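Worksheet for the structure shown next.
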Amino acid sequence: MAILAFDIGGTAVKYGLFKDDKLQEISSFLTPISWEEMKEKCLTVKDKYNNENLEGVAISSPGSVDVEAGVVHGISAVPYIHHFPIVEAFEDCFRLPVSIENDANCAALAEVAFGVAKQCQDVLFFVIGSGLGGAVVINRKLHKGRNLFGGEFGYMMMEDGTTLSSRVSPVHVAKRFSKAQDLGTDLSGKELFELANQGDSEAHLAVEGLLDSLALAIFNTCLVLNPDMVVIGGGISQRKNLASDIQKRVEQLKQRTKATDMDVKIAACHYFNDANLIGAVAHFLNSHTDR
């Protein structure tokens with residue numbers, strides 16, 4: 001028996017086969033421009049594994065996911081997946097049971113169950129990619145809130161009227177940098193960080209602004225929950241010194257505000273980019289107890 005998992009992102013859709021209690025055959029395709037193309041691409045992937053006796057399909061999605069209704073509310077970088085019975089549509093497409101959960105919540109499920117936060121009770125998650133997702137775990141359970149906005153840190157407003165998502169997403173920061181420098185083409189987030197590491201002063205300032213904004217958001221949210229740990233996920237979490245860089249900035253904010261008695265522990269996620277896929281599988285298994 002096996003489960004096919006998809007992680008829908010603004011730039012790419014990752015997928016993998018969960019079999020023999022591990023995730024394998026991980027790959028991806030560019031995020032389609034329409035719902036019809038999305039179904040077609042996903043079905044093509046599913047057809048590759050028809051001989052695997054698939055048990056179902058587990059999906060990690062951006063947006064505010066109503067698990068019970070099978071609908072993705074809110075907004076995201078993939079606008080066509082919102083506000084209709086997407087689980088029902090995918091089940092019609094795959095002819096298999098389908099589960100769906102918010103991507104940051106999936107990352108949280110993976111890390112609390114198996115990863116860096118497995119010894120923690122209360123945890124905040126910041127999952128950074130083409131936008132910013134978040135999750136709140138209290139007593140080892142997801143806290144989604146009345147309107148499913150628990151952990152939607154990306155909507156937080158900054159002083160200049162922008163959102164936190166636009167300030168800390170390497171995709172958005174690199175796009176603004178490319179426009180400001182009149183490069184003619186948009187750098188990727190990875191390319192922006194590489195340029196900063198090579199000594200480009202403007203790229204360095206852009207990266208510093210991203211890290212400062214993330215540290216400020218983490219500090220402020222820690223004042224609300226005072227968690228055991230803050231976990232950073234998404235592609236940016238693979239940067240070697242990211243957690244320590246953010247930790248230093250948060251410690252400086254603690255000193256400035258005299259909140260020095262608040263212990264803030266920051267860590268990169270254990271599963272990095274695979275956390276969403278693993279968490280999606282965990283959610284599928286939890287929601288299909290009759291398997």
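A few remarks follow.
- Per residue accessible area of region 116-268, 1.4 Å probe, in Å²: 53
- Built amide H within the under 5 Å cut-off of SER64, gap 5+: HIS73, GLY74, ILE75
- MET158 accessible area, assembled protein chains, probe 1.4 Å, Å²: 30
- 3J(HN,Hα) couplings calculated from phi for region 149-155 with the Karplus curve 6.51 cos²θ - 1.76 cosθ + 1.60 (θ = phi - 60°) are, in sequence order, 9, x, x, 7, 5, x, 7 Hz; Gly and Pro show x.
- Which of ILE232, PHE18, ILE75, positive extreme of dipole for the chain (C-beta unit charges): ILE232
- Sequence-distant residues sharing a close amide H with ILE100 (under 5 Å, placed H): ILE59
- Sites THR44 and LEU223, calculated FRET efficiency, Cβ-Cβ separation with R0 41 Å, nearest 0.05: 0.30
- Carbon plus sulfur fraction of accessible area for the chain, probe 1.4 Å, in percent: 49
- Ordering ALA267, ALA89, LEU54 by the projection of their Cα atoms onto the charge dipole of the chain, which places +1 on the Cβ of Lys and Arg and -1 on the Cβ of Asp and Glu, puts ALA267 at the extreme positive end.
- Calculated FRET efficiency for the pair ASP212/ILE138, C-beta based, R₀ 30 Å, to 0.05: 0.60
- Heavy-atom SASA rank of LEU183, LEU211 (probe 1.4 Å, accessible area, largest first): LEU183, LEU211
- Under the span-like rule (Cα at least 27 Å along the axis, Kyte-Doolittle mean at least 0.0), DSSP H helices of the chain: 201-225
- Annotation: amide H-H contacts under 5 Å for GLY10 (H modelled 1.01 Å from N, sequence separation of 5 or more, or interchain): SER130.
The values are calculated or read from the model by the stated rules, or taken from the named source; none is laboratory data. Here the structure is a predicted model, which is why all the values come from computation and not from measurement. Note that each Cβ is placed from the backbone with ideal geometry, even for glycine, and that neighbours are counted across all protein chains shown. Side chains included, ligands, DNA and RNA excluded: accessible areas come from the protein's heavy atoms. Shrake-Rupley method; radii C 1.70, N 1.55, O 1.52, S 1.80 Å.
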